[in-house]
Amino acid sequence: MVAVCGALLLAASFSQAEAARWRGEDVTGCSRVGHGCVTAPVRPARFGHEVRLPGGTWIGCGGDCRDKLREQTVDFWDELSSGKGGRRR
């Protein structure tokens, strides 16, 4: 029981540190095939970080916010046609 409480406390403090690190940050995702770049804000969320798409929708980064932004915006159709678009990360 004490170990579980200690682990939860450590996770909570890490999440607060991560949130402080990302507060007010923007990321830029650039196309791999020449479709340009897009910049968007990132925010901490309950299950990791989220990036805001140009339409205003926040989506989970699933690891790398720059890649997620690129995949869902400037390279969306290329990712979809290559068979990667339907894959969840």
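Odds and ends about this structure:
- In the stretch 22-37, the count of residues that are modelled with pLDDT of 90 or more and among the hydroxyl-bearing types (Ser, Thr, Tyr) is one or more.
- Test result for Glu18, among the acidic types (Asp, Glu) and either in a loop (DSSP other than H, G, I, E, B) or modelled with pLDDT of 95 or more (or both): no
- Selection from the stretch 68-77 of residues that are crowded, with 16+ Cβ neighbours inside 10 Å and assigned to a helix (DSSP H, G or I): Lys68, Leu69, Arg70, Glu71, Gln72
- Residue satisfying all of: in the stretch 45-67; in contact with a Lys or Arg (Cβ under 8 Å, 6 or more places away or on another chain) and modelled with pLDDT of 95 or more; surrounded by the most Cβ atoms within 10 Å (Cβ to Cβ) among these: Val51
The values are calculated or read from the model by the stated rules, or taken from the named source; none is laboratory data. Keep in mind the model is a prediction, meaning the values are calculated, not measured. Cβ: placed from backbone, ideal geometry, glycine included. Neighbour counts: every protein chain shown.
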